[in-house]
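The values are calculated or read from the model by the stated rules, or taken from the named source; none is laboratory data. Keep in mind that what you see is a predicted model, and the values were worked out from it rather than measured. Heads up, the Cβs are rebuilt from the backbone with ideal geometry, glycines too, and the neighbour counts pull from every protein chain shown. Note: accessible area is taken over every heavy atom of the protein model, side chains too, but ligands, DNA and RNA are not part of it. Shrake-Rupley method; radii C 1.70, N 1.55, O 1.52, S 1.80 Å.
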Amino acid sequence: TGGLRVALEFLAEHIPAKVYIPNPTWSNHLQIIERSGLRYVEYPYYDPKTRGLNFQGFKRALENANPGSIILLHACAHNPTGVDPTQEQWRELVNVFKERRLVPYFGSAYQSFATGDLYRDAYPIRLFLAEGLQMVVAQSLAKNFGLYGERTGALHIVCRSKEIRDKVLSQVRLIIRAMYSNPPIHGARVVDRILNNPTYFAEWKAELKVVSERIIRMRKLLKDELIALGTPGTWDHIVNQIGMFSYTCLLYTSDAADDLLCVDLGGRRIIKKKKILIWWI
């Protein structure tokens, strides 16, 4: 959240363009963008008919965006749908970014929770970097390091040259100084210790693998149970979607016929109008 807000403040001052956000997206994105003084427009993302990605609508929206537009992207494990582009689709999209001179803004909050592989989950970021695009990456380490209360993360701004980098860094520091001055340090030191110690790093990757495998296993168990119960419909989308979130399309039998059940495997039950979300914990 902090990285998102700092970078949007910077963009609002220096690239005051529209921010394109996926429909749907994490609800807090809207507030952060608006409070940064920018305007947002939605681009097609989730297709309720296929319960997957509306890739053609997504791509077409980018092709019609004005040069310099800021495009908010989920690096992996899209919140709240669990629907991600394939690697092939990302390769198509990066060409559109280059042709239209768009500004990629990645949010990476669930790295390794999608596939269990840190590098595979960062594929789109690495691809855009290899293609030479300048971009912004707001990275949360709250979930995959178990540091939610420590507000630990990183803001990366990829620049074309050292000269541009130095200018950007000076402006970002001014924004941070006026916003919160100094970040908490305890969580950052924990992350530094793990990433720079080969033994700790290996243990951390192994634990992330356990988490992601549990998510995948719970998805399969849910799908199998729905089939065993004879639940009408097809349920492949539950295992095709990825990460902590899923639009299941399960109807909730309540007085409101148009409500859908939001299930949390931590034991809570939430109702979301017209939508369905499973929060894997």
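Conditions (1) touching a Cys at 6+ places or on another chain (Cβ under 8 Å); (2) among the β-branched types (Val, Ile, Thr); (3) in a strand (DSSP E or B), marked per residue:
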residue	(1), (2), (3)
Phe128	no, no, no
Gly132	no, no, no
Val137	no, yes, yes
Phe145	no, no, no
Ala154	no, no, yes
Lys167	no, no, no
Ser170	no, no, no
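Which of the residues belonging to region 20-40 are among the hydrophobic types (A, V, I, L, M, F, W, C) and in contact with a strand residue (DSSP E or B) (Cβ under 6 Å, 6 or more places away or on another chain)?
Residues of region 20-40 that are among the hydrophobic types (A, V, I, L, M, F, W, C), as a first pass: 21, 26, 30, 32-33, 38.
Ile21, Ile33, Leu38 - these are the residues of region 20-40 that are among the hydrophobic types (A, V, I, L, M, F, W, C) and in contact with a strand residue (DSSP E or B) (Cβ under 6 Å, 6 or more places away or on another chain).
Val137 fails exactly one of the following numbered conditions: (1) open to solvent by 30 Å² or more (accessible area, probe 1.4 Å); (2) touching a Phe, Trp or Tyr at 6+ places or on another chain (Cβ under 6 Å). What is the number of that condition?
For Val137, the failing item is (1).
In region 10-29, which residue that is open to solvent by 50 Å² or more (accessible area, probe 1.4 Å) and in a helix (DSSP H, G or I) is nearest to Asn66 (Cα to Cα)? Quick ask: steps written out before the conclusion?
We begin by selecting, within region 10-29, every residue open to solvent by 50 Å² or more (accessible area, probe 1.4 Å); these are 13-16, 18, 23, 26-27.
Among the residues that remain, those that are also in a helix (DSSP H, G or I) are: 13-14, 27.
On the way: Glu13: 18, His14: 16, Ser27: 24 Å.
Among residues in region 10-29 that are open to solvent by 50 Å² or more (accessible area, probe 1.4 Å) and in a helix (DSSP H, G or I), the one nearest to Asn66 (Cα to Cα) is His14.
Filtering region 182-215 down to residues that are closer than 17 Å to Arg151 by Cα and β-branched (Val, Ile, Thr), which residue is least open to solvent (accessible area, probe 1.4 Å)? Reasoning before the result, please.
As a first pass, look at region 182-215 and keep what is closer than 17 Å to Arg151 by Cα: 182-194.
Next, from what is left, pick out any that are β-branched (Val, Ile, Thr): 185, 190-191, 194.
On the way: Ile185: 95, Val190: 46, Val191: 11, Ile194: 34 Å².
Here the answer is Val191.
Looking at region 77-99, can you tell me whether even one residue there is out of contact with any helix residue (DSSP H, G or I) (no Cβ under 7 Å at 6 or more places or on another chain), open to solvent by 20 Å² or more (accessible area, probe 1.4 Å), assigned to a strand (DSSP E or B) and more than 23 Å from Gly2 (Cα to Cα)?
No, every residue in region 77-99 fails to be out of contact with any helix residue (DSSP H, G or I) (no Cβ under 7 Å at 6 or more places or on another chain), open to solvent by 20 Å² or more (accessible area, probe 1.4 Å), assigned to a strand (DSSP E or B) and more than 23 Å from Gly2 (Cα to Cα).
Hey, any hits in region 68-75 for a residue that's assigned to a helix (DSSP H, G or I) and open to solvent by 20 Å² or more (accessible area, probe 1.4 Å)? Walk me through how you get there before you give the answer.
So in region 68-75, the residues assigned to a helix (DSSP H, G or I) come out as none.
So far as region 68-75 goes, no, none of its residues is assigned to a helix (DSSP H, G or I) and open to solvent by 20 Å² or more (accessible area, probe 1.4 Å).
Can you tell me which residues in region 100-126 are part of a helix (DSSP H, G or I) and within 28 Å of Glu213 (Cβ to Cβ)?
Taking region 100-126 as the starting set, the residues that turn out to be part of a helix (DSSP H, G or I) are 100, 118-121, 123-126.
Across region 100-126, the qualifying residues are Leu118, Tyr119, Arg120, Asp121, Tyr123, Pro124, Ile125, Arg126.
Would you point out which residue out of Lys223, Lys205, Lys209 is part of a helix (DSSP H, G or I) and more than 22 Å from the chain's Cα centre (by Cα)? Before the answer, list the steps.
On the way: Lys205 fails: more than 22 Å from the chain's Cα centre (by Cα); Lys209 fails: more than 22 Å from the chain's Cα centre (by Cα).
Result of the check over Lys223, Lys205, Lys209: Lys223.
I'm trying to understand the selection: among the residues of region 51-67, which are open to solvent by 30 Å² or more (accessible area, probe 1.4 Å) and in contact (Cβ under 8 Å) with a residue 40 or more places away in the chain?
In the first step, residues of region 51-67 are kept if they are open to solvent by 30 Å² or more (accessible area, probe 1.4 Å); the result is 51, 53-54, 56, 59-60, 63-64, 66-67.
If the condition is that a residue be open to solvent by 30 Å² or more (accessible area, probe 1.4 Å) and in contact (Cβ under 8 Å) with a residue 40 or more places away in the chain, then Arg51, Asn66 are the ones that fit.
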